[in-house]
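Asks: Here it is, the structure, as C-alpha cells.
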Amino acid sequence: MRSKKLIILGMILGLVLGTIGCTPASSNSEPLDNIPDRWTTEEEKIAVFEEGHPEGFWARNDRGNGGMFNCSFSKLNAIVADGHLTLKLDQRNNNYVGAEYRTHQQYSYGFYSVSMKPAKCSGVITSFFTYTGRPWDEIDIEFLGNDTTKVQFNYFVSGEGGHEYVYDLGFDASEEFHEYAFDWQPDSITWYVDGKAVYKVTGEMPQTAGHIMMNFWNVADYKSNWAGKFEGKNLPITAQYEWIGFSSE
C-alpha cells in the first residue's frame with residue numbers, strides 16, 4: 001500500500017513540475033476579465049513593409065552580443081522586399097550571421113504590436129521587443145524555434161528579469177502571420193494575441209523609454225535547454241514581419 005501511495009504521489013509531483021517547466025507563472029500575474037479586444041488600426045502602424053523601408057528604422061551591422069548569441073548581425077540579412085521585412089540567418093566563413101532591425105527613436109508607455117511569422121527551427125529565437133540599454137529595461141515577445149506553437153513573454157526592470165511566461169497559442173505561429181502585442185503602462189503590462197488579452201502582470205514595471213527592436217539569431221550550446229540545440233542545417237532560414245504598430249493612447 002505504501003509503495004502504491006508513493007507511486008501516485010510521484011505521478012502528481014511529476015505533473016506539477018512538468019507544468020511549471022512548460023509555463024512559468026509570474027507571482028504578480030492578474031486575471032484577464034473585462035479587458036476588451038485590442039487590434040492595431042491602420043493609423044497606428046509606424047512601419048508597413050509593403051511600402052518599402054520605413055523611416056526611422058535601421059539594421060544592425062556588427063559582431064553581435066556574444067554570450068548566448070551564437071552569431072554576429074549583418075545589415076545584409078535584414079531585407080525589405082516583396083511586402084515583408086525578412087530577417088535571415090546564414091553562415092559565412094564558418095561563422096553564423098543573423099539580423100537585427102530597430103528604431104532610432106525611443107518609445108515609452110503605450111500599445112506595441114507586430115504582424116510576424118517566426119522561424120521554426122531548433123535553437124533559434126525570433127523576437128519583437130523594447131530595449132533601453134542603460135538602465136536595462138526590456139519587454140519581450142519571443143518565439144523559441146523548437147516549439148512555435150507557443151510564445152514566451154518576459155520583461156526586465158533595471159536588469160532584473162526572470163519573469164518568463166510561456167503561452168500556448170493553439171496554432172503553429174510559423175505557418176502564417178498573426179498579430180502579437182503588449183500594452184505597457186506604468187503599473188502593468190498586458191500581452192495580446194490576435195487582439196485578445198492573454199496575460200497581464202502588475203507591480204514594478206519598466207519605466208525607461210526604449211527602442212522598438214526585432215532580431216533573429218541562434219543560441220549558443222549552453223542555452224539549448226531553452227530553445228533547443230542549433231545544428232546549423234538547412235541554412236539560410238528566415239523569419240518575416242509585415243508591419244509594426246505603436247500608439248501612446
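Asks: If I ask for residues that are part of a strand (DSSP E or B) and farther than 27 Å from Q105 by Cα, which ones from the stretch 165-186 would you list?
Replies: Within the stretch 165-186, Y165, V166, Y167, D168 qualify.
Asks: Considering only the stretch 55-85, how many residues are without any contact (Cβ under 8 Å) to a residue 40 or more places away in the chain, surrounded by fewer than 18 Cβ atoms within 10 Å (Cβ to Cβ), over 19 Å from E176 (Cα atoms) and not acidic (D, E)?
Replies: Qualifying residue count for the region: 6.
Asks: In the stretch 166-183, how many are surrounded by 19 or more Cβ atoms within 10 Å (Cβ to Cβ) and of a type in the set (S, T, Y)?
Replies: Here the count works out to 1.
Asks: Further, regarding this structure: I'd like the full set of residues that are open to solvent by 10 Å² or more (accessible area, probe 1.4 Å) and assigned to a strand (DSSP E or B), limited to the stretch 153-164.
Replies: Once the filter is applied, which keeps residues that are open to solvent by 10 Å² or more (accessible area, probe 1.4 Å) and assigned to a strand (DSSP E or B), the stretch 153-164 yields F156, V157, E160.
Asks: Any idea which of (1) within 26 Å of P36 (Cα to Cα); (2) open to solvent by 20 Å² or more (accessible area, probe 1.4 Å); (3) in contact (Cβ under 8 Å) with a residue 24 or more places away in the chain is the one L235 doesn't satisfy?
Replies: (1)
Asks: In this structure, does K88 turn out to be charged (D, E, K, R), surrounded by 18 or more Cβ atoms within 10 Å (Cβ to Cβ) and farther than 14 Å from N218 by Cβ?
Replies: no
Asks: May I ask you to list the residues in the stretch 92-104 that are over 14 Å from V124 (Cα atoms) and more than 20 Å from the chain's Cα centre (by Cα)? Talk me through it step by step, then tell me what you get.
Replies: The initial filter retains those residues of the stretch 92-104 that are over 14 Å from V124 (Cα atoms), namely 92-95, 101-104.
Correct list: R92, N93, N94, N95.
Asks: Just for the stretch 91-103: of the residues that are among the charged types (D, E, K, R) and touching a residue at least 24 places away in the same chain (Cβ under 8 Å), which one is surrounded by the most Cβ atoms within 10 Å (Cβ to Cβ)?
Replies: Checking each candidate, the answer is E100.
Asks: Given the condition in contact (Cβ under 8 Å) with a residue 40 or more places away in the chain, open to solvent by 20 Å² or more (accessible area, probe 1.4 Å) and either in contact with a helix residue (DSSP H, G or I) (Cβ under 7 Å, 6 or more places away or on another chain) or over 29 Å from E50 (Cβ atoms) (or both), answer yes or no: does some residue in the stretch 109-130 qualify?
Replies: Checked against the condition, which is being in contact (Cβ under 8 Å) with a residue 40 or more places away in the chain, open to solvent by 20 Å² or more (accessible area, probe 1.4 Å) and either in contact with a helix residue (DSSP H, G or I) (Cβ under 7 Å, 6 or more places away or on another chain) or over 29 Å from E50 (Cβ atoms) (or both), the stretch 109-130 yields at least one hit.
Asks: Right, next: Checking the structure you have, find out if any residue of the stretch 193-204 is open to solvent by less than 50 Å² (accessible area, probe 1.4 Å) and closer than 21 Å to L87 by Cα.
Replies: no
Asks: Condition first: touching a residue at least 12 places away in the same chain (Cβ under 8 Å) and more than 16 Å from N146 (Cα to Cα). Can you find one or more residues in the stretch 214-227 that meet it?
Replies: yes
Asks: Return the residues of the stretch 131-152 that are out of contact with any strand residue (DSSP E or B) (no Cβ under 7 Å at 6 or more places or on another chain) and open to solvent by less than 10 Å² (accessible area, probe 1.4 Å); say none if nothing qualifies.
Replies: Within the stretch 131-152, just T148 meets the criteria.
The values are calculated or read from the model by the stated rules, or taken from the named source; none is laboratory data. Model, not experiment: these values are computed from the prediction. When we count neighbours, we look across all protein chains shown, and the Cβ atoms used for this are built from the backbone with ideal geometry, even at glycine. Note: areas computed on protein heavy atoms with side chains; ligands, DNA, RNA excluded. Shrake-Rupley method; radii C 1.70, N 1.55, O 1.52, S 1.80 Å.
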